[in-house]
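To start, the structure under review is shown below, and the notes come after it.
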Amino acid sequence: MAGLIIMMKMEGLHIMHVLYAPSAWAIIFGGTIGATLLNHKTEEVKKAWTMLKIAFTEIKFEPTELIEVIVSLAEKARREGVISLEEDIEQLADAFLKNGLQLVVDGTAPEVTKSIMETQLDIIDERHSGLGEIWTTAGGYAPTMGIIGTVMGTVHVLGGIEESGGDVGKLAAGIALAFLATFFGIFSANVFFLPVGGKLKSKHKAEMLYRKMTIDGILAIEHGENPAIVKIRLLAYLPPDEAKKLEKKVEKEG
């Protein structure tokens with residue numbers, strides 16, 4: 001946005017003259033929303049608007065903190081048994097982790113625990129990934145709607161040449177207004193729709209990795225694995241530099 005405003009100032013363009021194009025906005029946003037509604041369920045599109053807040057909200061999935069928590073729980077389970085984790089479950093903020101540990105404490109068979117948690121993960125994956133796709137879909141349609149608006153506007157201007165008496169000024173203004181539709185279509189797609197979709201996909205990917213780590217950690221606890229082995233297993237999810245930082249932190253605290 002800043003780059004666009006600076007460019008307008010450098011070229012001597014008046015921002016309001018550029019932005020005030022109701023017909024262009026109507027075809028772009030009306031057409032894009034309509035095409036997106038045809039492409040996805042109405043309920044999904046409504047949810048996509050609520051997910052807009054998440055795209056602009058900082059939601060951190062900290063795998064290093066998760067590893068520390070799971071290793072700590074593994075140490076306690078190894079020492080006192082999995083039943084002892086019941087008092088720790090209530091203090092956890094992550095509902096996915098809490099539900100998984102509760103299955104372990106309740107004595108659920110490992111294969112059943114794995115099946116339940118993977119089913120929950122699949123549902124989260126399907127729900128969240130679809131919402132990111134909606135914004136990407138809108139980003140694909142917006143430029144096309146802009147071109148449609150430009151073509152319609154140009155046809156209207158050229159069709160009115162005779163009525164305008166060949167007034168070059170009116171023709172130029174009409175064609176310039178028509179091309180604003182293409183500009184707004186490309187601009188809305190690349191500055192809003194596609195970045196929002198990309199942001200949601202990025203956050204979804206981070207969440208999926210976090211949840212897979214959680215499942216692996218819970219199953220390792222249920223199998224009674226050595227806490228050191230649990231840590232090595234979960235460190236594999238981290239980039240090498242982050243894994244080294246965590247190992248150094250543990251060594252210092254130790």
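None of the figures in this text is laboratory data; all of them are computed from the coordinates on show. Computed from a predicted structure; not experimentally measured. Neighbour counts are summed over all protein chains in view; Cβ atoms, including those assigned to glycine, are modelled from backbone coordinates with ideal geometry.
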- [ ] Return the tail of the calculated pair distribution for the range 22-170, meaning the percent of Cα-Cα pairs more than 21 Å apart.
- [x] 66
Task: Karplus (6.51, -1.76, 1.60) ³J(HN,Hα), θ = phi - 60°, over the range 111-127, in Hz, Gly and Pro reported as x - done: 5, 6, 4, 4, 4, 5, 5, 5, 5, 4, 5, 4, 5, 4, 4, 5, 5
TODO: Can you quote the Å³ per residue value for the convex hull of the Cα atoms in the range 82-191, rounded to an integer?
DONE: 117
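Using r as the Cβ-Cβ distance of V155 and F192, and R0 as 35 Å, what FRET efficiency do you calculate, to the nearest 0.05?
Plugging the Cβ-Cβ distance into 1/(1 + (r/R0)^6) gives 0.80.
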Open item on the list: Need one number: nm distance between label points at E87 and K53, each 7 Å from Cα along Cα→Cβ, rounded to one decimal.
Closed with: 3.7
Task: Distance between modelled label sites at A26 and L38, nm, 7 Å Cα→Cβ extension - done: 1.9
Open item on the list: Along the Cα→Cβ direction, 7 angstrom out, place labels at T136 and K98. What is the inter-label distance in nm?
Closed with: 3.3
Open item on the list: Counting only helical runs of four or more DSSP H residues, what would the 222 nm mean residue ellipticity of the chain come to if each run contributes -39,500 (n - 2.57) and the total is spread over all its residues?
Closed with: -26000 deg cm²/dmol
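For the range 95-227, give the magnitude of the charge dipole about the Cα centre (Cβ charges: +1 Lys/Arg, -1 Asp/Glu; no others), in debye to the nearest 20.
340
Output the relative contact order of the range 27-155, whole-number percent, from Cα pairs under 8 angstrom with separation of 6+ residues.
Computed over the range 27-155, the figure is 48 percent.
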Task: Convex hull per residue volume in Å³, alpha carbons only, for the range 1-86 - done: 178
Open item on the list: Quick check: the angle from helix 168-188's long axis to the longest principal axis of the chain, C-alpha only, nearest 10 degrees?
Closed with: 10
